[in-house]
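Below is one structure; the comments refer to it alone.
Read-outs throughout are calculated quantities, based only on the coordinates presented, and are distinct from any laboratory measurement. As the structure is a computational prediction, the values presented were derived from the model and not from experiment. Neighbour counts are summed over all protein chains in view; Cβ atoms, including those assigned to glycine, are modelled from backbone coordinates with ideal geometry.
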Amino acid sequence: MYAYTDFDRQFVRARAAQFRDQLERHLAGTLPDDEFRPLRLQNGWYVQRHAPMLRVAVPYGVLSSKQLRQLGRIAREFDRGYGHFTTRQNLQYNWIPLPQAADVMDLLADVDMHGIQTSGNCIRNITSDGLAGIASDEIVDPRPYAEVLRQWSTLHPEFAFLPRKFKIAISGAAEDRAAIAWHDIGLQLKKNAAGEVGFQVLVGGGMGRTPVIAQVINDFLPWQQILVYIEAIVRVYNRYGRRDNMYKARIKILVKAEGQQFFDAVNEEFRQILEQDESGHEHIIPQAELDRVAASFVVPVGVNATTAVDIFTDVQPGAYKRWLERNVHSHRLSGYRAVTLSLKRVGIAPGDATDAQMEAAAALAETFSHGELRVTHDQNLLLPWVRETDLPAVFEAAKAIGFTTPNIGLLTDMIACPGGDFCALANARSIPVAADVTERFQDLDELYDIGDIDLHISGCINSCGHHHSGHIGILGVDKDGSEWYQVTLGGSDGSTLSGAALPGRVIGPSFAADEVGDVIESVVQTYRSQRSSAAERFIDTVRRVGIDPFKQAANAVRSSTATA
């Protein structure tokens, strides 16, 4: 993972000291709330439904065991003993008192962490594939490029107050595990026939009230020019993006409205930066700079390819075999595997981890994964450097702390935002819905028979739970102060299983809160009755038969919302 330089550490500490001064002046009454608000937001501090919420940046999802231990300490000493890992590979705390905020920022700075640009109308945390650098299908390791982008975009003076928040995702593998087409800018690393590295650049994706799939604006941009091209995109957006209506301020609205005119404006801006800006060429990335950053993303000392083994040899049916099937993943190095630590289990909100579990996961990483972990887009943790011969020991250690639920990719491995239990923007709660579904589908035989399903839950139209991209999507809506839920089917995040990115289709009027669990059961049972064989997956059945059979089944279980 990236090794902070003295400059990096001084930068983060100076930012923490600046925030302390701002906070002290605000608490003393000399910095009014309307002036303090944008300052705290760009350091990751919200004021939510019950208390302040801090979002901690985990750039492209990479964590050290030392950092995770510190996050656990903060949860224990300043919060209520837990944190929440998000789809953007960050960590959120929900109960830290604002007067203690500066102390927390100092503790984060001690381990090279912060909350800079995890909120506000700026370029947010850049996300990537949880298997970056280790995936067996990887074309180019995206981490060095993601780090260069992070450094370039951090406190960029021109892009501190954009029309709306701005999100970038980058993938370097054959399979898109970063949902790049659902982002303001999506970057796909590729190689041309000559073996040269470049980016396919997508622009204008996003969820929210108007789900839009990003369009390709440049099919192959030499990697050296990526900062200049993104600068051109964001300049055009900053110039022409709407500021009169926050619901129409995202770049997706501008791209959708202007089409080719937007593309032409970006390419002209790109040309002008290179040909007319006094320092335009200084944003061309030198090979030496990429090499400097890439030096942090090497195979850890002591990790060497070894003879691969059949990890299923002599393994009897049972919990360990299922864990191998679901939670253990192929690796680019022979003799190694990646291991997902599932944060989806009964009684715990998806993505939540206690301080003790963070400590224990850090210990697992130190013992079995060279002190490194990843936060995945699906709100789990992952150990990237596990020897195949260590898998039995990893299983036993992870089982002791509740991380071995063998459900990765299955119905209960759902994505869910915190919803109305915490978020001031939410219209409805997500956590009780997630809990209900989890409790209904605890039979592993049944869960395995159902097979791969992406279930995504959002508590409001802001779509932090990515409901649009779920095979089954659940969206909380408000009707006269009551919680209701809209259900969609057939969405895709762009992964191999799901196919090209696509928003799901609504299956009917909203359902009451007490109907949602029954609706999900009816949808699942309809799939089981409609599939052509046990091998046909849910998303393929939906696409083959259409949504009408599922819609009829869902409507048949209405009770509170039944109509004549």
Inset, instruction - Return the sequence-ordered ³J(HN,Hα) values of region 181-192 in whole Hz as given by the Karplus equation 6.51 cos²θ - 1.76 cosθ + 1.60 applied to θ = phi - 60°, using x for Gly and Pro. - result: 6, 9, 10, 4, 10, x, 10, 10, 6, 8, 10, 8
Legend entry - Distant-in-sequence amide H partners of Y82 (H built 1.01 Å from N, under 5 Å): D355
Inset, instruction - Averaging sequence separations of C-alpha pairs under 8 Å and six or more residues apart, then dividing by the length of the chain, give the relative contact order as a whole percent. - result: 12 percent
Legend entry - Which listed pairs, of K167/K256; K66/K321; K167/K190; K399/K551, have C-alpha distances above 28 Å, in listed order: K66/K321; K399/K551
Inset, instruction - For region 388-395, take each phi angle, set θ = phi - 60°, evaluate the Karplus expression 6.51 cos²θ - 1.76 cosθ + 1.60, and give the result in whole Hz per residue in order, putting x for glycine and proline. - result: 4, 5, 8, 4, x, 5, 4, 4
Legend entry - Mean Cα-pair separation over length for region 305-363, i.e. relative contact order, pairs under 8 Å, 6 or more apart, %: 27 percent
Legend entry - Whole-Å distance, taken between Cα centres, linking region 206-221 and region 413-489: 24 Å
Inset, instruction - Name all residues of region 273-291 having a backbone nitrogen under 12 Å from the label point set 7 Å from the Cα of Y240 along its Cα→Cβ direction, giving them as ranges. - result: none
Inset, instruction - As a check on your grasp of the helix formula, calculate [θ] at 222 nm for the chain: sum -39500 (n - 2.57) over DSSP H runs of n ≥ 4, divide by the residue count, round to the nearest 500. - result: -10500 deg cm²/dmol
Legend entry - Local electrostatic count at S559 - Lys and Arg +1, Asp and Glu -1, tallied over other residues with Cβ under 14 Å: -3
Inset, instruction - For the chain, build the charge dipole from Cβ charges (+1 Lys, Arg; -1 Asp, Glu) around the Cα centre, then report which of V255, A512, A102 sits farthest towards its positive end. - result: A512
Legend entry - Estimated inter-spin distance, N192 and S334, nm [label 7 Å along Cα→Cβ]: 3.4 nm
Inset, instruction - Any chance you could check the Cα centroid distance between region 6-53 and region 262-339 for me, in angstrom? - result: 33 Å
Inset, instruction - Report ³J(HN,Hα) in whole Hz for each residue of region 492-505, in order, from the Karplus equation J = 6.51 cos²θ - 1.76 cosθ + 1.60 where θ = phi - 60°; Gly and Pro get x. - result: 9, 8, x, 6, 4, 4, 8, x, 4, 3, 7, x, x, 10
Legend entry - Dipole magnitude of the chain, debye to nearest 20 (Cβ charges: Lys/Arg +1, Asp/Glu -1, about Cα centre): 780 debye
Inset, instruction - Could you list the chymotrypsin sites (Phe, Trp or Tyr not before Pro) in region 160-231 that lie in coil according to DSSP, counting only those with at most 14 other Cβ atoms within 10 Å of their Cβ? - result: F161
Inset, instruction - Would you please give the residues with an amide H less than 5 Å from that of N43, counting only those at least 5 places away or on a separate chain, with H modeled from the backbone geometry? - result: Q117
Inset, instruction - Would you mind putting 478-488, 231-241, 291-301, 451-461 in packing order, based on average other-beta-carbon counts within 10 Å, highest first? - result: 451-461, 231-241, 478-488, 291-301
Inset, instruction - Pairs of Cα atoms under 8 Å, at least six residues apart: use those to get the relative contact order of region 437-487, whole percent. - result: 25 percent
